[in-house]
Amino acid sequence: MKKFISNLFIFLMIVFLFNAVVFVFANDNYYKGYKEFPNKKYHSFIMADSHGMPLDQFAEKFEVYNFSSNSDSYFDIKRKINYLIENRYKVKTIYITVDGHTLSPYRDANNNTDKSIIYTSEITPNYIKEKYLKYYSPILQLKVNPLFRNYLEQKVENLVVGKKDVSNDIIWSKLSKKEQIKRSEERVAGQFPTKNRSQKLEKTLLEIIQLCKVNGIELIGIKFPASETYLKIVGKRNYGADQLFLSNGLKVIDYELSFINNDDYFGDQDHLNPKGGEAFVEKLLK
């Protein structure tokens with residue numbers, strides 16, 4: 001019995017220490033950038049998924065806060081808007097993504113609801129699970145574990161072959177047309193897996209529209225620039241977030257074609273690079 005207790009104690013200590021290591025990794029990587037709260041001097045906000053990230057610090061030049069995050073969905077954006085309202089930010093305008101893929105069913109699961117929980121105030125069982133149990137037990141996080149494993153594999157590989165960490169970033173304009181087409185086809189297949197859009201996301205977007213209307217917030221839809229190769233392949237595929245805006249009398253500014261002849265502005269098939277982000281902010285806000 002004593003041996004069993006001793007072995008159990010050792011096992012629990014190992015689990016605790018491993019969890020502590022993964023916890024540090026998760027905070028430095030997975031949760032990085034998702035614990036920021038806007039300064040109350042801002043009255044205008046940009047809210048989008050990864051397509052809004054290249055705008056980053058450039059928006060501040062126009063006193064607009066870029067509240068975008070990689071993988072954000074309308075679930076996450078609604079929480080952020082509620083946070084601003086509940087904390088008495090003087091919100092005048094919100095620029096929100098209405099790209100063709102934003103109502104895609106893949107966003108039902110591929111989102112940041114485990115992170116955006118920090119912007120909610122309603123205490124529910126799900127709140128406790130997401131904000132505390134998952135956060136402080138990252139070894140149970142299905143999203144964190146693969147990242148940590150890849151991180152370790154990369155470190156071991158670099159150690160074995162004597163390499164330093166190198167960037168895997170591509171230069172879109174340097175890729176061959178064949179490679180551009182291949183990457184664009186893969187992206188479109190992932191973004192548009194079915195013919196029908198997500199009913200949950202559609203409902204949430206309509207709630208966002210109503211929430212802004214009730215609180216006197218101007219809501220402007222944005223369609224972000226994409227490369228010529230991507231746009232040719234995506235064709236007329238569109239889950240219709242922009243149409244929801246138009247049918248509710250809201251403005252949609254379509255910038256998809258803005259840089260169609262300039263691959264130097266893109267980091268990949270449908271994301272701007274910093275150079276493109278700066279140019280786009282000038283178009284959008286100047």
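The values are calculated or read from the model by the stated rules, or taken from the named source; none is laboratory data. Just so we're clear, the structure is a prediction, and the values are computed from it rather than from any experiment. In this analysis, Cβ positions are derived from the backbone assuming ideal geometry, glycine residues included, and neighbour counts consider all displayed protein chains. These accessible areas exclude ligands, DNA and RNA; they are computed on the full protein's heavy atoms, side chains included. Shrake-Rupley method; radii C 1.70, N 1.55, O 1.52, S 1.80 Å.
Observations on the structure shown:
- Working from label points 7 Å from Cα in the Cα-to-Cβ sense, the Lys200 to Ala109 distance is 1.1 nm.
- Burial order of peptide ranges 77-89, 234-246 (average beta-carbon count within 10 Å, highest first): 77-89, 234-246
- Separation of the alpha carbons by more than 30 angstrom is noted, of Lys80/Lys155; Lys174/Lys232; Lys41/Lys143, for Lys80/Lys155; Lys41/Lys143.
- Rounded percent of accessible protein surface that carbon and sulfur make up, the chain, 1.4 Å probe: 56
- Prolate/oblate/rounded label for the chain (Cα gyration tensor, a/c 1.5): oblate
- The helix-only estimate of mean residue ellipticity at 222 nm for the chain, built from DSSP H runs of length n ≥ 4 each weighted as -39500 (n - 2.57), is -13000 deg cm²/dmol after division by the residue total.
- Label-point separation, Glu282 to Glu63 (7 Å along Cα→Cβ), nm: 2.2
- For peptides 17-25, 266-274, 145-153, 1-9, sequence by mean Cβ density within 10 Å, most packed first: 266-274, 17-25, 145-153, 1-9
- Accessible area per residue in Å² at 1.4 Å probe, computed on the chain: 57
- Residue-by-residue Karplus 3J(HN,Hα) for region 270-286, coefficients 6.51, -1.76, 1.60, Hz, glycine and proline x: 9, 10, 6, 9, x, 4, x, x, 5, 5, 5, 4, 4, 5, 6, 10, 5
- Net charge in the neighbourhood of Glu130 (other residues with Cβ under 10 Å of its Cβ; Lys, Arg +1, Asp, Glu -1) is +3.
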